Amino acid sequence: MTLTEEISLFLQRGSVSKVKEKVELALSQGVSPTEILEHGLVGGMTVIGDKFKENEVFVPEVLLSARAMSAGIELLRPYLIKEGKKSKGTIVIGTVRGDLHEIGKRIVKIMMEGKGLTVIDLGTDVLPETFLQKAQEYHADVICCSSLLTTTMMEIKKVVEKRNKEGLQEKIKIMIGGAPITQEFCDKIGADYYTEDASSAADVALKICTENRNG
């Protein structure tokens, strides 16, 4: 088993100490920081994402693996900067105004970071204008709006309307999700993408960002 495969395996097990140990060992043996990131950390998180999608692992396991991934990335960060490693895209994510639910959004963020995306987390109870302001400030490719309450669903429509009023439909895509959200609702309010789980959200976000950069 290669060192990057070991890193992936220990990340899947949520072992912070082992991930750090193996990342340091790989660096000392001259393994490329990008290879460690892509094949070790991102590779391991992708496996966890797929298992989460299939209900083979659950929220506690995902959070443990995310903690291990964060520890590995912190060790790699100075090497990646030196290597000129670039983010694959930027996402602004938040739970809409009036809604304080956090866990689902956090898991989406973790999965997206696992794909090599930069994620700006605005937290909960986010105003429509804040989504747009931060998306422009960080040159985001995608705004992700989460709503877990039927009473806050229409806040997403306000985000869409503000984006359209600014004429940013081509530049910034809007992805939505949450328990009461459906594809039908997405179509009705004019949002661009609906995904039903965190792993799918990460896949779609990466696809959007890749197309933006190649377009």
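The values are calculated or read from the model by the stated rules, or taken from the named source; none is laboratory data. What you see is a predicted model; the values in this text were computed from it and never measured. Using ideal geometry, Cβ is built from the backbone for each residue, glycine included, and neighbour counts are taken over all protein chains shown. In case anyone asks, the SASA skips ligands and DNA or RNA and just uses the protein heavy atoms, side chains included. Shrake-Rupley method; radii C 1.70, N 1.55, O 1.52, S 1.80 Å.
Quick look at the numbers
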item: Table column - 3J(HN,Hα) (Hz), the stretch 98-109, Karplus curve with 6.51, -1.76, 1.60, x for Gly and Pro; result: x, 10, 10, 6, 10, 4, x, 4, 4, 5, 4, 4
item: Distance in nm between pseudo-label sites at D50 and Y79 (7 Å out along the Cβ direction from Cα); result: 2.5 nm
item: Quarter of Cα convex hull surface for the stretch 96-215, i.e. mean projection, nm²; result: 6.4 nm²
item: Residues whose placed amide H lies under 5 Å from that of R97, excluding near-sequence neighbours; result: V126
item: Ranked by how many other beta carbons lie within 10 Å on average, peptides 187-195, 124-132 from highest; result: 124-132, 187-195
item: Distant-in-sequence amide H partners of T195 (H built 1.01 Å from N, under 5 Å); result: I176
item: Global form of the stretch 148-215, assessed from the alpha-carbon gyration tensor, a/c cut-off 1.5; result: oblate
item: Hz values of 3J(HN,Hα) by residue in the stretch 121-129 - Karplus curve (6.51, -1.76, 1.60), Gly and Pro given as x; result: 8, 8, x, 10, 6, 8, 5, x, 5
item: Shape box of the stretch 107-155 [Cα atoms, principal axes, largest first, Å]; result: 33, 24, 15
item: At 1.306 mPa s and 10 °C, Stokes D of the stretch 41-85 from Kirkwood alpha-carbon radius, µm² per second; result: 140 µm²/s
item: Share of carbon and sulfur in the accessible heavy-atom surface of the stretch 27-159 [1.4 Å probe, %]; result: 54 percent
item: Filtered GluC sites (Glu not before Pro), the stretch 39-78: DSSP coil and at most 13 other beta carbons within 10 Å; result: E54, E56
item: Reachable lysines from K188, criterion Cα separation under 24 angstrom, eight or more residues apart if same chain; result: K105, K157, K158, K162, K165, K171, K173, K207
item: q = 0.11, 0.14, 0.27 Å⁻¹, the stretch 1-73: log10 I(q)/I(0) [Debye, one scatterer per Cα]; result: -0.22, -0.36, -1.15
item: Kirkwood-type radius of the stretch 18-130, with distances r between different C-alpha atoms, in Å; result: 15.1 Å
item: Largest-first principal axis extents of the Cα set of the chain (Å); result: 53, 34, 24
item: Residue-normalised accessible area of the chain, expressed per residue, 1.4 Å probe, Å²; result: 49 Å²
